[in-house]
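K.L.:
Have a look at this one before I ask anything.
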């Protein structure tokens with residue numbers, strides 16, 4: 001994997017190697033690790049295709065406000081068959097916290113999810129067209145220095161026609177994971193807890209939040225995939241259900257990955 005300052009410049013710098021791909025069929029639930037995936041203008045094909053929506057508020061449920069929506073980390077979602085470009089998407093298998101497996105094709109799925117979550121919810125699919133309104137979700141901000149808000153919940157709009165918070169691809173480096181582990185060694189800072197799309201192994205000498213140095217650059221993966229890195233409009237931050245990251249950033253205020261990516265070109269990787 002390489003990064004350059006501009007897509008027009010021929011010079012590239014080796015930034016690391018892709019060591020894991022993850023897809024999350026249902027927003028905020030745990031997902032599935034992949035060997036390969038088609039990459040489209042909406043990120044990895046099938047990523048965040050579905051979401052659980054609170055019928056009383058119309059807001060998308062998510063891990064950013066676990067006190068209100070429940071612990072989505074207890075759910076795991078995976079496609080019955082890998083999505084294929086141009087084909088009808090396959091049903092999603094959802095493993096509930098008690099180990100029960102349900103599918104998106106079940107007539108009583110919403111009743112089951114409502115019972116487990118303790119709220120009246122709908123199971124909705126993203127509709128990426130020009131007429132789809134932007135979905136809204138809530139975000140809890142911990143009582144920590146360096147944040148725009150403290151100990152409160154704010155609402156934010158997702159990109160229209162999607163269930164992504166900010167951008168369609170989330171890159172996470174091993175340097176960042178190692179940095180969080182050093183800040184809070186008694187915790188468990190694991191890549192999958194941050195739900196990245198792509199995990200990049202960086203050089204041993206790389207320290208800190210390496211991906212923040214890529215903001216404003218184009219990241220090349222293989223010969224066909226190009227990702228435009230940009231600063232998040234509102235940076236992701238540790239949530240109440242991520243104790244390791246929460247404690248790590250308390251010990252180093254303002255230290256968290258602030259970059260997300262959009263796709264310039266897509267292919268199978």
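K.L.:
Hey, can you tell me all the residues within the stretch 81-116 that are in contact with a strand residue (DSSP E or B) (Cβ under 7 Å, 6 or more places away or on another chain), exposed (fewer than 13 other Cβ atoms within 10 Å of the Cβ) and in a loop (DSSP other than H, G, I, E, B)?
P.N.:
85
K.L.:
Okay, moving on. Examine the stretch 91-109 for a residue that is closer than 27 Å to residue 173 by Cα and within 21 Å of the chain's Cα centre (by Cα), and state whether such a residue exists. It would help to see each step written out before you state the result.
P.N.:
Taking the stretch 91-109 first, the residues closer than 27 Å to residue 173 by Cα are none.
No, because not a single residue in the stretch 91-109 is closer than 27 Å to residue 173 by Cα and within 21 Å of the chain's Cα centre (by Cα).
K.L.:
Kindly establish whether residue 180 is assigned to a strand (DSSP E or B) and modelled with pLDDT of 85 or more. Reasoning before the result, please.
P.N.:
On the way: assigned to a strand (DSSP E or B): no; modelled with pLDDT of 85 or more: yes.
Answer is no for this residue.
K.L.:
Sort through 147, 172 and tell me the only one that's assigned to a strand (DSSP E or B), surrounded by 13 or more Cβ atoms within 10 Å (Cβ to Cβ) and in contact with a strand residue (DSSP E or B) (Cβ under 8 Å, 6 or more places away or on another chain).
P.N.:
172
K.L.:
Is there any pair linking a residue in the stretch 179-204 that is surrounded by fewer than 16 Cβ atoms within 10 Å (Cβ to Cβ) to one that is at pLDDT below 85 and not in a helix (DSSP H, G or I), with Cβ under 6 Å and at least six apart or on different chains, and which?
P.N.:
Listed pairs, sorted by first residue: none to list.
K.L.:
Residue 167 versus (1) buried (at least 20 other Cβ atoms within 10 Å of the Cβ); (2) in a loop (DSSP other than H, G, I, E, B); (3) touching a helix residue (DSSP H, G or I) at 6+ places or on another chain (Cβ under 6 Å): which is the lone unmet condition?
P.N.:
(3)
K.L.:
If you don't mind, another one. Could you check residue 63 against (1) in a loop (DSSP other than H, G, I, E, B); (2) modelled with pLDDT of 90 or more and say which number it fails?
P.N.:
(2)
K.L.:
Could you check the stretch 117-144 and list, in sequence order, the residues that are under 12 Å from residue 162 (Cβ atoms) and assigned to a loop (DSSP other than H, G, I, E, B)?
P.N.:
126, 127, 128, 129, 132, 133, 134, 135
The values are calculated or read from the model by the stated rules, or taken from the named source; none is laboratory data. Given the structure is predicted, the values throughout are model-derived calculations rather than measurements. Note that we place each Cβ from the backbone using ideal geometry, even for glycine, and neighbour counts take in every protein chain shown.
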